[in-house]
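First the structure, in the form of structure tokens, and then the observations on it.
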Amino acid sequence: MGKVLAVLAAATVAAGLTANAAAQKLVVAGYGGSFEDIMRKDIFPPFAKQHGVELDYVAGNSTNTVARLQAQKSNQQIDVAIIDDGPMYQAIALGFCEPIKGLPADDIYGTARYKDDKAVAIGIVATGIMYNKKVFDEKKWAPPVSWKDLKDPKYKKQLVIPPLNNTYGLHALVEYAREGGGGEKKIEPGFATFKNEVGPNVLVYEPSPGKMTELFSSGQAVISVWGSGRVKAFADTGFPVGFVYPQEGAYALLSSVCPVAKANANPLAQAFVQYLVSPEVQEKLASAYGYGPVNKKAKVTDDPRVPLPIGKRAADLIVIDWDTVNQNRDDWNKRWTREIER
């Protein structure tokens, strides 16, 4: 009997240790590339040290992360999801996000908040135009100033735009639809412009941040549609890129986060979300990644190479109608594959 009790006691202790180890692991899903580097190097370590937790990172674009949440619906592995605003609305509608507890509402800009606090933005990104300053200087080209400039034949097979399942590509499609008298509710002019005027200049519709920088570094691409955060990270490597807020307006992308709704959710998921919107982390994300901060108490310095979406620049960003977009996006994606990326 004594041996049996000893074995049971040992098993109980082992089970307790296993449960404790599991509780001290947090799985965060978010963007790859330079964003992942910043998270691992600058953002994770202080939180891990303070809470004694191991942080695992699952890299992927926003649509990949939502697909993972759907695939794992019966057994969610992700604790915290970092997703662009459009897919975040989908994630919330599908029931994947738990309300954030104790969000410091007075400190957070209203534009950064979601209904019922099911998510919160962790940074404001501007979708605009990136270009290679060195090449433009050598060719004596004036820097781009307008979305219309991407139609210029001198950029033939030197323009890169992310595809439609990427928010940057979506913003470009909506812009050209608006330019043609349409918009989110009338997308036809956008497809026509891509097909007839912008498409001939496109080298590739590239979703990968790493591949995008490779195309610029190799000289194959000299101009692109991209986000201010990505461009700043690229500029920080020493590459001579510039970023333009087009005169018609740059588009707002809210990089957002939510604690994933799941049985026996790790309470540290809530703590990590709170940590991401703290002034200290907001300042790090602004300086390291070019995000416009969402916390009013964050103090940031503008970057002359890649102007940050702060102040008037942030206020003037165009916000698209995500309700309309999400209702039509699957059809648009199919059409894009059929007509634009064929």
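The values are calculated or read from the model by the stated rules, or taken from the named source; none is laboratory data. Note that the structure is predicted; figures quoted are calculated from it, not measured. No Cβ is skipped: glycine too gets one built from the backbone with ideal geometry, and neighbour counts run over all protein chains shown. Note: accessible area is taken over every heavy atom of the protein model, side chains too, but ligands, DNA and RNA are not part of it. Shrake-Rupley method; radii C 1.70, N 1.55, O 1.52, S 1.80 Å.
Under 9 Å between Cβ atoms, at least 6 apart or on separate chains: pull out the pairs that start in region 95-107 with a residue that is surrounded by fewer than 15 Cβ atoms within 10 Å (Cβ to Cβ) and end on any residue that is polar (S, T, N, Q).
These pairs meet every condition: 101/270; 101/274; 102/270; 102/274; 104/274; 104/278; 104/295.
May I ask you to verify whether residue 35 is hydrophobic (A, V, I, L, M, F, W, C) and modelled with pLDDT of 95 or more?
It is false that residue 35 is hydrophobic (A, V, I, L, M, F, W, C) and modelled with pLDDT of 95 or more.
Taking residue 230 and the conditions (1) among the charged types (D, E, K, R); (2) farther than 14 Å from residue 336 by Cα; (3) over 22 Å from the mean Cα position of the chain (by Cα), which numbered condition does it fall short on, given that it satisfies the others?
(3)
Residues that are open to solvent by less than 10 Å² (accessible area, probe 1.4 Å), at least 2 per element: which helices (runs of 4 or more DSSP H) completely within region 234-324 meet that?
267-276, 279-289
Please enumerate the residues belonging to region 153-183 that are over 24 Å from residue 229 (Cα atoms) and either among the polar types (S, T, N, Q) or within 24 Å of the chain's Cα centre (by Cα) (or both).
177, 178, 183
In region 187-228, which residues are open to solvent by less than 30 Å² (accessible area, probe 1.4 Å), closer than 19 Å to residue 156 by Cβ and among the aliphatic types (A, V, I, L, M)?
198, 202, 212, 215, 221, 222, 223, 225
Is it fair to say residue 89 is closer than 30 Å to residue 193 by Cα, open to solvent by 80 Å² or more (accessible area, probe 1.4 Å) and not assigned by the TED database to the domain that holds residue 325?
Taking the combined requirement at face value, the residue satisfies it.
Among the residues of region 172-194, write down those that are out of contact with any helix residue (DSSP H, G or I) (no Cβ under 6 Å at 6 or more places or on another chain), farther than 19 Å from residue 244 by Cβ and in a helix (DSSP H, G or I).
Listed by number, the residues that qualify are 188, 191, 192, 194.
Check region 170-179 and report whether any residue there is within 30 Å of residue 99 (Cα to Cα) and outside the structural domain of residue 85 (by the TED database). Can you show your working first?
Taking region 170-179 as the starting set, the residues that turn out to be within 30 Å of residue 99 (Cα to Cα) are 170-171.
If we keep only those that are outside the structural domain of residue 85 (by the TED database) as well, we get 170-171.
Within region 170-179 (the criterion being within 30 Å of residue 99 (Cα to Cα) and outside the structural domain of residue 85 (by the TED database)), the answer is yes, since at least one residue qualifies.
Condition first: part of a helix (DSSP H, G or I) and within 17 Å of residue 290 (Cα to Cα). Now tell me which residues in region 30-52 satisfy that.
If the condition is that a residue be part of a helix (DSSP H, G or I) and within 17 Å of residue 290 (Cα to Cα), then 33, 34, 35, 36, 37, 38, 39, 40, 41, 42, 43 are the ones that fit.
List the residue pairs whose Cβ atoms are under 6 Å apart, where the first residue sits in region 280-291 and is farther than 16 Å from residue 314 by Cα, the second is assigned to a helix (DSSP H, G or I) and small (Gly, Ala, Ser), and the two are 6 or more positions apart or on different chains.
none
The conditions are (1) without any contact (Cβ under 8 Å) to a residue 12 or more places away in the chain; (2) not in a loop (DSSP other than H, G, I, E, B), and residue 229 fails exactly one of them. Which is it?
(1)
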